[in-house]
Structure formats: C-alpha cells, structure tokens
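To start, the structure itself, in structure tokens.
The values are calculated or read from the model by the stated rules, or taken from the named source; none is laboratory data. Keep in mind it's a predicted model, so treat the numbers as computed, not measured. So basically every Cβ, Gly included, is an ideal-geometry build from the backbone, and we count neighbours across all protein chains shown. To get the accessible areas, we keep the full protein, side chains included, count just its heavy atoms, and leave off ligands, DNA and RNA. Shrake-Rupley method; radii C 1.70, N 1.55, O 1.52, S 1.80 Å.
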Amino acid sequence: MPLFERYIGIDYSGADKPRSKIKGLAVVQGSMYSPASLVYPSTVSSLTSRTSSDKDHLWSREEVYLWLRDQLLSSQERMIIGIDHGLSYPLSVLQQLELDQWDDFLKWSYQTWQTTRLTMKQSKEQAHYTNSIAKRLVEREFVPSTKSVVDLDRVSGMQGAVSYSTHTGLAWIYRLRYWQKRHGMNIHFWPFDGKIIPKDHHVIVEAYPSLYKRRMITEPHLSNISTYSEHERDAYYIAAWMQERDQEETLAPYLSLPTLSRAEYQLSLLEGWVLGCL
C-alpha cells in the first residue's frame with residue numbers, strides 16, 4: 001500500500017529577491033490518481049501560463065513558501081515534498097559554529113542570512129561567515145558531483161548554485177518549522193525528526209533531481225515533459241520519482257535508511273540526507 005497520496009517536487013533558486021518571480025523556481029505535483037504536472041501560482045491558470053508575455057506564471061520564493069504552508073495546513077491527503085536545496089551544513093562547519101542541534105542551526109541560519117528579505121548578495125555583505133568547500137557525508141559518498149552547500153564565494157552569483165539555493169531556502173524552512181512547533185502543523189522533517197514517521201504527518205525531504213533523472217529517461221516521462229524548461233523538468237523528476245517509487249511500494253527503504261551504520265545515521269540527524277541515497 002502506498003505511503004502517500006500527493007507528491008510535490010520543487011526545483012529551487014537563490015537568484016534575485018525573495019519576492020521576485022524567477023525562472024529558476026518550479027513546482028510539480030502528482031497524486032495517486034494523476035500524473036505529475038506543473039503547478040502555477042494561484043493567480044494564473046495553466047491555460048494562460050504558456051501564452052502570457054509577463055512573469056505572472058513564474059514563482060517567487062515567498063510565493064512557494066506561502067503556497068506550501070497552506071497546502072500543509074489544509075490538505076487531507078498525505079504529502080511528501082522534495083526540495084532541491086540543502087537542509088543543513090557539513091559537520092565540520094557546524095562544529096566551527098558550535099551548533100550540535102538542527103533546530104539551533106535553523107535559528108542561526110535564519111538570523112544570520114536574513115534571506116526572507118535580502119538578496120543573497122546583500123546577505124553576504126552583512127553576514128559574518130567563513131567560506132568553505134566542505135561537503136556532507138551524503139555528498140561525499142553518494143553524489144560527489146554536487147557542489148558544497150557552504151561554498152558561497154566561488155559561484156559568482158550563479159543562479160543554479162546549490163549554496164545560494166540552500167541559503168535562501170533555509171529561512172523558509174525555519175518558518176515552516178516554526179509552524180510545526182508552535183501551531184501543531186503535522187510535518188515530519190526527514191531525517192532530522194527521525195526515521196519513524198507518524199502516519200498522519202506530511203514529509204519534507206531534501207531531493208537531488210539528477211539522481212532521479214538517470215532512472216527516468218524513458219517513456220512516458222520524456223513525452224510528459226517535452227515542453228518543460230530545465231527547471232520544470234528537475235521539479236518533475238523529483239515528484240515523478242517519488243510517485244513512481246511509492247506506487248510500486250519501494251519508497252519505504254529510502255526513508256528508513258537501513259544501509260547506514262549507527263554512526264552514519266546519527267550524523268544524518270544533524271547533516272541531513274538526500275532521498276534516494278542508500
């Protein structure tokens with residue numbers, strides 16, 4: 001029996017301002033009964049999005065947060081949400097910051113970077129930080145081609161840089177965590193809240209589109225996304241892979257992480273993990 005009823009993939013971007021509508025953001029959603037397809041901001045219908053000459057069909061980071069928060073508050077269908085940015089730092093950097101709890105890290109990140117109101121460039125100018133090229137365990141062992149989530153100085157403001165996406169995305173994760181703790185929102189932040197997930201909780205995971213893309217370059221997937229942009233395709237790969245695995249009842253092992261040693265699992269509670277890596 002599938003674990004979830006809705007599957008949401010979000011391709012993220014750290015470009016421009018928090019309220020700027022940007023091409024690098026995309027949201028795709030599937031369900032038990034419908035294939036993964038694009039979701040647009042509520043002000044625009046899917047019929048007009050492709051013919052619109054302005055940016056109304058694009059998302060801003062604030063809009064993605066508000067839409068996701070509302071979905072988490074109102075949906076009666078259990079959801080899993082995969083987001084394409086880091087959810088924590090490498091252990092070595094956390095130790096330098098004297099942070100040994102994920103919640104303390106989220107609070108520090110929110111207060112330090114202030115990316116719910118600043119661009120990443122502005123944030124770097126006001127923050128006190130030391131650049132690093134360190135990687136987390138999951139990046140070193142499973143997705144070595146990815147860049148470090150803390151390497152902010154070698155990207156030249158590049159829109160697709162995972163470090164920029166991570167630092168602009170974490171502030172909104174902190175806000176969702178606030179809703180979870182203060183208002184009883186049923187969210188499980190995986191793996192930080194543990195590998196035993198309450199059956200009535202939605203799940204938020206870190207996703208890596210390239211990992212899923214290699215497994216999905218077949219029909220019907222290619223025909224489904226023939227008109228999609230690169231960012232829309234990445235969001236599709238996240239949602240469709242989770243949907244496909246869950247419908248085949250093979251998603252559970254990826255959430256329970258049975259191949260990790262006890263020490264590796266304990267490290268994942270602080271550094272995080274990428275769904276799909278075993």
Mean-square fluctuation maximum in Gaussian network of the chain, Cα pairs under 10 Å, restricted to Ile196, Ile83, Ile22, hits Ile196
Viscosity 1.002 mPa s, temperature 20 °C: what is the translational diffusion coefficient of the range 83-177 from Stokes-Einstein with a Kirkwood Rh over Cα pairs, rounded to a whole number of µm²/s?
159 µm²/s
Taking amide hydrogens as modeled 1.01 Å from N in the peptide plane, which residues meet the under 5 Å criterion relative to Cys277, leaving out close sequence neighbours?
none
Using a Förster radius of 35 Å, what is the FRET efficiency between Asp153 and Met1 based on their Cβ-Cβ separation? Nearest 0.05, please.
0.15
Keeping all protein chains in place and using 1.4 angstrom, which order do Ser226, Ser132 fall into by accessible surface area, from largest down?
Ser226, Ser132
Work out the FRET efficiency for Leu97 and Arg19 from their Cβ-Cβ distance, taking R0 = 22 Å, and round it to the nearest 0.05.
0.15
Report Rg (one decimal) and Dmax (nearest whole number) for the chain, counting Cα atoms only, units Å.
17.7, 53
Which of the aspartates and glutamates could be linked to Lys21 by a straight reach, that is with a Cα gap under 14 Å, when you skip same-chain ones fewer than 8 residues away?
Asp11, Asp54, Asp56, Glu62, Glu63
With a 1.4 Å probe and all protein chains in place, put Glu77, Glu230 in order of accessible area, largest first.
Glu230, Glu77
Dipole magnitude of the chain, debye to nearest 20 (Cβ charges: Lys/Arg +1, Asp/Glu -1, about Cα centre)
460 debye
If you take every DSSP beta bridge whose two residues both sit in the chain, what share of them, in percent to the nearest 5, is antiparallel?
45 percent
What lysines does Lys17 reach when the alpha-carbon gap must be under 23 Å and sequence neighbours fewer than 8 apart in one chain are set aside?
Lys55, Lys107, Lys121, Lys124, Lys147
Virtual paramagnetic centre 7 Å along Cα→Cβ of Arg182, amide N under 18 Å, in the range 92-110
103-110
If each DSSP helix of 4+ residues adds -39,500 (n - 2.57) and the sum is divided by the residues in the chain, what number results at 222 nm, nearest 500 deg cm²/dmol?
-11500 deg cm²/dmol
Förster radius 30 Å - calculated FRET efficiency between Phe142 and Tyr228 (Cβ-Cβ, nearest 0.05):
0.70
Additional length obtainable on full extension of the chain from Glu62 to Ile133, 0.36 nm per residue less Cα span:
22.7 nm
With a 1.4 Å probe and all protein chains in place, put Thr112, Thr259 in order of accessible area, largest first.
Thr259, Thr112
Roughly how large, in nm² to one decimal, is the mean projection of the convex hull of the alpha-carbon atoms in the range 59-112?
5.1 nm²
Given a 1.4 Å probe and every protein chain left where it sits, what share in percent of the accessible area of the chain is carbon and sulfur?
49 percent
Putting +1 on Lys and Arg Cβ atoms and -1 on Asp and Glu Cβ atoms, find which of Ser109, Ser13, Leu99 reaches farthest to the positive end of the dipole of the range 1-149.
Ser13
